[in-house]
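The values are calculated or read from the model by the stated rules, or taken from the named source; none is laboratory data. These figures come from a predicted structure and were not determined experimentally. Because the Cβ atoms are built from the backbone with ideal geometry, glycine has one as well, and the counts that use them run over all protein chains shown.
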Amino acid sequence: MVDRDPERCIECQVCVNQCSFDVHYYDAEDDEVRSHEENCVGCHRCAVFCPTQALTIRRNPLDYRENYNWRPEAIEDVIKQAETGGVLLTGMGNDKGYRIYWDHLVLNASQVTNPSIDPLREPMELTTWLGRKPDRVELAPDSIDLKTELSPQVKLEIPVMFSAMSYGAVSLNVHESLARAATEAGTLWNTGEGGLHPRLYQYGANTIVQVASGRFGVHPEYLNIARAVEIKIGQGAKPGIGGHLPGEKVSREVSLTRMIPQGTDALSPAPHHDIYSIEDLAQLIYALKEATNYQKPILVKIAAVHNSAAIASGMVRAGADIIVLDGLRGSTGAAPKIIRDNVGIPIELALASVDSRLRQEGIRNQASVVIAGGIRTSGDVTKAIALGADAVYIATSALIALGCHVCQQCHTGKCAWGICTTDPALTKRVNPEIGARRLTNLLHSWSLEIKDMLGGMGINAVESLRGNRLHLRAVGLTDTELEILGVKMAGS
Ligand code: SF4
Ligand code: SF4
């Protein structure tokens, strides 16, 4: 419901201009601003920008009769499908009540015997190196120089990177905000599967470029300008299916960047048509290494699914330098709702099982592990590292920093916050300079908080926490869950 307080409304029509879902309109006959409130998606743009705070967006109390089985969302989905006969699309990540394991894990803190460290007074190290590490290192005779040749490594000042969001799904201003913030904060951002706009080549040293099944925008300069190359096999929000950017979002700039005709649908097939085995994956990994003169680490990203641990082992053996696992709650610009809400497994369980499996096989050092999908706070980051991740990717939290109110309408291309759209008027709502500052602030806040948590544990380097599950305890989990997570119950 859109409530407009007539005492406060001055008919300035700011809401009419701000709403991209055609809710507010000016009725000249009555000289009043009115609403088609059935169009409202609850993005809060109008309420935030109303200069007199005349607007309140509320849930409609006229709800369906209470029914534990037939909840309003299920009823509405059936009604929409009966009307359209089509697959229901949605944006953002899975919002169903699957257990969020981060909220059942708690971190340790030093008391008395192992003193904590004050991060304000003592140096704390968050530097993270991603890439394949050798089984052992040899030094040159009578020297401290390494004799062992290292695979290419990526240095991060904070173990948090910006996850893949393609140009077309999000605006160029969002890409620029991410690129500038990553450069400023000493981390990496990811182009997603839609190519890299030439305006952003200057940020190549902090850019991961993606090679997905559609191969959009992939050319030698794109690969070589980047710091690392990511092969996208799967995505947490839509495991097992391809991508679809509707033709309306394929503007001239998007079409040039993706190297496809303007106005045509950009369809990424579900599989890579040249990958049907681990050996095929190895061929693509080495083709990309060859194309980049063995200077760039290659990431391989999969959705977290039932047999992730075995797949991850194959990926490492195929030559991946960094493995990316994207969990059940990972977001998307557009996905079939039924897939987003029902396919894949929670990232916490996938991470624990992959880390354990790679350790058991003695190959954990051969690849870094990066996770994505539902990281909300620096607490989640710290727990993920204790559970075995080398670093995490964030996307939704980055978009929230840019203004996103998680209305889940990304697939409509009408994002009122100017984020998930290519509409020229709407995209101006994100200023890359302000966006970059907000993202840098977010990362800075998280780095301070992570240092506080590390200091509390008596640890002065994030490296010492990595995979150290003794620093975690669980609350309210079953024995099976504890076993998979490799974490003890609180109190034990
Ligand atoms: S869709 Fe957003 S901007 Fe439009 S009325 Fe609803 S809350 Fe306001
Ligand atoms: S990006 Fe825009 S459309 Fe998508 S959830 Fe956020 S505010 Fe809504």
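A few remarks follow.
- For region 231-274, the tally of residues that are of a type in the set (S, T, N, Q) and within 21 Å of the chain's Cα centre (by Cα) stands at 2.
- Qualifying positions in region 312-339 - aliphatic (A, V, I, L, M) and either surrounded by 22 or more Cβ atoms within 10 Å (Cβ to Cβ) or part of a loop (DSSP other than H, G, I, E, B) (or both): Ala312, Met315, Val316, Ala318, Ala320, Ile322, Ile323, Val324, Leu325, Leu328, Ala334, Ala335
- Single residue of region 10-46 satisfying the filter (farther than 16 Å from Gly418 by Cβ, assigned to a loop (DSSP other than H, G, I, E, B) and among the aliphatic types (A, V, I, L, M)) that is nearest to ligand 1 (Cβ to nearest atom): Val23
- Among the conditions (1) touching a Ser or Thr at 6+ places or on another chain (Cβ under 6 Å); (2) more than 16 Å from ligand 2 (Cβ to nearest atom); (3) charged (D, E, K, R), Lys414 misses just one, which is (2).
- Pairs linking a residue in region 452-469 that is at positive phi to a residue that is crowded, with 20+ Cβ neighbours inside 10 Å and among the hydroxyl-bearing types (Ser, Thr, Tyr), with Cβ atoms under 7 Å and 6 or more positions apart or on different chains, do not occur.
- Among the residues making up region 25-52, those that are within 16 Å of ligand 2 (Cβ to nearest atom) and at negative phi are Asn39, Cys40, Val41, Cys43, Arg45, Cys46, Ala47, Val48, Phe49.
- A single entry from Gly374, Gly403, Gly435 fulfils the requirement of being buried (at least 17 other Cβ atoms within 10 Å of the Cβ), within 16 Å of ligand 2 (Cβ to nearest atom) and modelled with pLDDT under 95: Gly374.
- Condition check for Lys428: near ligand 2 (Cβ under 10 Å from one of its atoms), in the same structural domain as Val354 (by TED's automatic domain parsing) and surrounded by fewer than 19 Cβ atoms within 10 Å (Cβ to Cβ): no
- Selection from region 374-386 of residues that are closer than 26 Å to Pro152 by Cβ and either under 13 Å from the mean Cα position of the chain (by Cα) or among the hydroxyl-bearing types (Ser, Thr, Tyr) (or both): Ile375, Val381
- The number of residues in region 395-412 that are away from ligand 1 (no atom under 14 Å from the Cβ) and not in a helix (DSSP H, G or I) comes to 2.
- For region 186-203, a residue qualifies if it is free of Cβ contacts under 8 Å to residues at least 60 places away in the same chain and buried (at least 17 other Cβ atoms within 10 Å of the Cβ), and the qualifying residues are Leu188, Trp189, Thr191, Gly192, Leu200, Tyr203.
- Once region 210-226 is narrowed to residues that are over 19 Å from the mean Cα position of the chain (by Cα) and not in a loop (DSSP other than H, G, I, E, B), the residue that is surrounded by the most Cβ atoms within 10 Å (Cβ to Cβ) is Tyr222.
- The number of residues in region 256-307 being assigned to a loop (DSSP other than H, G, I, E, B), surrounded by 19 or more Cβ atoms within 10 Å (Cβ to Cβ) and of a type outside the set (Val, Ile, Thr) comes to 4.
- Out of Leu62, Leu55, sole residue that is out of contact with any Ser or Thr (no Cβ under 8 Å at 6 or more places or on another chain), away from ligand 2 (no atom under 16 Å from the Cβ) and in contact (Cβ under 8 Å) with a residue 12 or more places away in the chain: Leu55
- Members of region 143-175 found to be crowded, with 24+ Cβ neighbours inside 10 Å and part of a loop (DSSP other than H, G, I, E, B), listed by number: Pro159, Ser163, Ala164, Met165, Ser166, Gly168, Ala169, Ser171
- Criterion violated by Ala389 - all others in (1) away from ligand 1 (no atom under 16 Å from the Cβ); (2) under 28 Å from Leu88 (Cβ atoms); (3) part of a loop (DSSP other than H, G, I, E, B) satisfied: (2)
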